[in-house]
Amino acid sequence: MSRLPRAYRDGALLTWRHLPTLAWLNLIWIALSWTVLLAGPATLAAYALIAALREDIEPDLRRYPALLRQNLLPGVLWLLSSATFAFVVYSNLVYWRRLLGPFGDSVVSLLAVYLTWLYVALQPYLLEGLSVERRPFLQAWTPAFLALARSPLSAHLYVVVPAFLLVVSFFTRTFALVVLVSVALAFAATQVRPLVERAEPPEPSADLPEDPSPA
């Protein structure tokens, strides 16, 4: 366990300690995402509450409607940017594969896979900037890229988590319905910042002498 990357360890601990809360957040996310348009705001609102868990602050689920309204515009823009990225990558992949030979086909496919990997690796820092730091949408991208550049290996390793969760959810549909998105966001939150471990107050020592009672 100690040889795992720090973000993996912290993400696993965060998930284990707050699994019921993550399950509730995931169910709320699924209910709101049926509208499609609210998928982005719901993601940012859930991330903000999970980031509070990361800081050892018990979140109040009653704040969710307020967070949803607060993240309405940035959430919709984030969703549109992700959809645009997917469309551009897919359309270019289809177009260039028709023009190039087998070697060019392989190069374009590898490039598309890596760009997708890079985009997913960027998401923890982008979500942090939008939902926790409350940066304007366009201004959140530069710090996100800089954070990714400062820890490229760790950021790229994060992508293994959502990829693994997608594979698991493909074989176990119940897992996707219960905790898929919340667990991915929990690992994203610990990718950005370490899990806060607040020390418990020390217990009074039994060796200390008792205060003498007044005569």
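The values are calculated or read from the model by the stated rules, or taken from the named source; none is laboratory data. The shown structure was predicted, so the numbers you read here are calculated from the model rather than taken from an experiment. In this analysis, Cβ positions are derived from the backbone assuming ideal geometry, glycine residues included, and neighbour counts consider all displayed protein chains. Ligands, DNA and RNA are excluded from the accessible area calculation, which covers all protein heavy atoms including side chains. Shrake-Rupley method; radii C 1.70, N 1.55, O 1.52, S 1.80 Å.
Side notes on the structure shown:
- All conditions but one from (1) of a type outside the set (Phe, Trp, Tyr); (2) modelled with pLDDT of 90 or more; (3) open to solvent by less than 40 Å² (accessible area, probe 1.4 Å) apply to VAL108; the one that does not is (2).
- Residue in segment 55-85 that is nearest to VAL36 (Cα to Cα), counting only those that are among the charged types (D, E, K, R) and part of a helix (DSSP H, G or I): ARG69
- Taking the criterion of being hydrophobic (A, V, I, L, M, F, W, C) and open to solvent by less than 20 Å² (accessible area, probe 1.4 Å), the residues of segment 1-22 that qualify are ALA7, LEU14, LEU22.
- Meets criteria (among the aliphatic types (A, V, I, L, M), over 24 Å from the mean Cα position of the chain (by Cα), surrounded by 15 or more Cβ atoms within 10 Å (Cβ to Cβ) and farther than 22 Å from GLU55 by Cα) for LEU93: yes
- Residues in segment 35-61 that are open to solvent by less than 60 Å² (accessible area, probe 1.4 Å) and of a type in the set (Asp, Glu) were compared, and the one that is nearest to ARG135 (Cα to Cα) is GLU55.
- Single match in LEU44, LEU49, LEU38 (criterion: in contact (Cβ under 8 Å) with a residue 40 or more places away in the chain and either touching a Gly at 6+ places or on another chain (Cβ under 6 Å) or closer than 19 Å to TYR64 by Cβ (or both)): LEU44
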